[in-house]
Amino acid sequence: MHLGHLIPFIFTKYLQDVFNVPLVVQLTDDEKFLWKNLTADECHELAYKNARDIIACGFDMNKTFIFSDFDYVGGCPEFYKTVVKIQKCVTLNQARAIFGFTDSDCIGKISFPAIQAAPSFASAFPAIFGREHDKLKKIKCLIPCAIDQDPYFRMTRDVAPRIGFSKPALIHSTFFPALQGAKTKMSASDGNSSIFLTDTPNQIKNKVNREAFSGGRDTVEEHRKLGGDTSVDVSYKYLTFFLEDDDKLQQIKEDYEAGRMLTGELKKELIKVLQELVAEHQKRRVDATEDIVKQFMTPRSLSL
């Protein structure tokens, strides 16, 4: 996982703390198998590794259920019934229009959106919410997610009233760019496109210094005179996500745009913030033992 994956979970942790609510996290290892050149076992193993990173965000075990699709879908009849109800409401033409499927795509891809949609409805989790439909249909769902997941949940919102549930609400995280700039996208297969949660302090330093797109000028003299452009500077963009001190962030913005702060100095600020963030995450990840992961991923009642 990289920093882009971490942002929705940091926000979700905040929501759980503020509203004191149960959380369900779906690990779509089946999706990875269908779209990537990996074996089912490799995808399943990656899901458990991702679970450790998610747990390291600090979620409350008594209010959080994390599940792998490979593990849960086949073992919960209520979940599968919810999937089938969704599937019946979406035509092949609609799926093509929403997701861009072609005649060359396997049928697994075409059926997958209903699996991702199902956790939006309380009926998919009888161990947590019970089986009384009159109660289940009153339970609302809020989904914090990245913007690229929007098509799945637009489809879900369209289906919801047709299967007797309220439409889920979404909160999208703002776009988090790759190190190379706003027009590029982070990729787990490109080690230089982002900061990964397994990176060492030295790797973080080198990636930021070498790869982070700069809004600075071509020369120091020109930068001092004209200032830098924070609207395209990746180091500044990253600080808007991870620097907790808003007053300091505003000061950095003013100094950089006025030319009082150079690109190297701005990158130094980011390196310090990211090194501390990733190091703390790695420590918490070590505490997420196999037994802890198993407890989070066991279907059970939660504190509601």
> So, in the range 141-167, of the ones that are among the charged types (D, E, K, R) and at pLDDT 95 or above, which residue ends up nearest to the chain's Cα centre (by Cα)?
Replying inline: Arg154
> Given the conditions (1) of a type in the set (Ser, Thr, Tyr); (2) in a loop (DSSP other than H, G, I, E, B); (3) out of contact with any Phe, Trp or Tyr (no Cβ under 9 Å at 6 or more places or on another chain), and given that Ser194 satisfies all but one, which numbered condition is not satisfied?
Replying inline: (3)
>> Condition first: crowded, with 16+ Cβ neighbours inside 10 Å, assigned to a loop (DSSP other than H, G, I, E, B) and more than 14 Å from the chain's Cα centre (by Cα). Now tell me which residues in the range 168-190 satisfy that.
In response: Pro168, Leu179, Gln180
> Name the residues in the range 38-78 that are small (Gly, Ala, Ser) and either in contact (Cβ under 8 Å) with a residue 24 or more places away in the chain or open to solvent by 10 Å² or more (accessible area, probe 1.4 Å) (or both), would you?
Replying inline: Ala40, Ala51, Ala56, Gly58, Ser68, Gly74, Gly75
> Which one of Lys207, Lys225 is open to solvent by 80 Å² or more (accessible area, probe 1.4 Å) and either outside any loop (DSSP other than H, G, I, E, B) or touching a Pro at 6+ places or on another chain (Cβ under 7 Å) (or both)?
Replying inline: Lys225
> Would it be correct to say that Ser173 is at pLDDT below 95 and of a type outside the set (Val, Ile, Thr)?
Replying inline: yes
> Restricting attention to the range 79-101, and to residues there that are among the β-branched types (Val, Ile, Thr) and either open to solvent by less than 20 Å² (accessible area, probe 1.4 Å) or at pLDDT below 95 (or both), which single residue is farthest from Phe296 (Cα to Cα)?
Replying inline: Ile86
> Inside the range 159-203, can you point out the residues that are without any contact (Cβ under 8 Å) to a residue 24 or more places away in the chain and either among the charged types (D, E, K, R) or closer than 20 Å to Lys268 by Cβ (or both)?
Replying inline: Lys167, Lys183, Lys185, Asp190, Asn192, Thr200, Asn202, Gln203
> When both residues are 6+ apart or on different chains and their Cβ atoms are under 6 Å apart, which pairs have a first residue that lies in the range 131-148 and is closer than 17 Å to Lys81 by Cα, and a second that is modelled with pLDDT of 95 or more and aliphatic (A, V, I, L, M)?
Replying inline: Leu136/Ala122
> Among the residues of the range 81-99, is any within 21 Å of the chain's Cα centre (by Cα) and either part of a strand (DSSP E or B) or not hydrophobic (A, V, I, L, M, F, W, C) (or both)?
Replying inline: no
>> Among the residues in the range 244-260, are any open to solvent by 30 Å² or more (accessible area, probe 1.4 Å), among the aromatic types (Phe, Trp, Tyr) and at negative phi?
In response: no
> For Ile128, all conditions in the list (1) outside any loop (DSSP other than H, G, I, E, B); (2) more than 22 Å from Ser303 (Cβ to Cβ); (3) at pLDDT 95 or above hold save one; what is the number of the exception?
Replying inline: (2)
> If the Cβ limit is 7 Å and pairs must be 6+ apart or interchain, which residue in the range 1-29 that is over 16 Å from Tyr48 (Cα atoms) and open to solvent by 20 Å² or more (accessible area, probe 1.4 Å) pairs with which residue that is among the small types (Gly, Ala, Ser) and at pLDDT 95 or above?
Replying inline: Lys13/Gly58
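The values are calculated or read from the model by the stated rules, or taken from the named source; none is laboratory data. Since we're looking at a predicted model, the values are computed, not measured. Glycine also receives a Cβ, built like all others from the backbone with ideal geometry; neighbour counts cover every protein chain displayed. The protein model used for the area step is the full one, side chains on, heavy atoms only, and it has no ligands, DNA or RNA in it. Shrake-Rupley method; radii C 1.70, N 1.55, O 1.52, S 1.80 Å.
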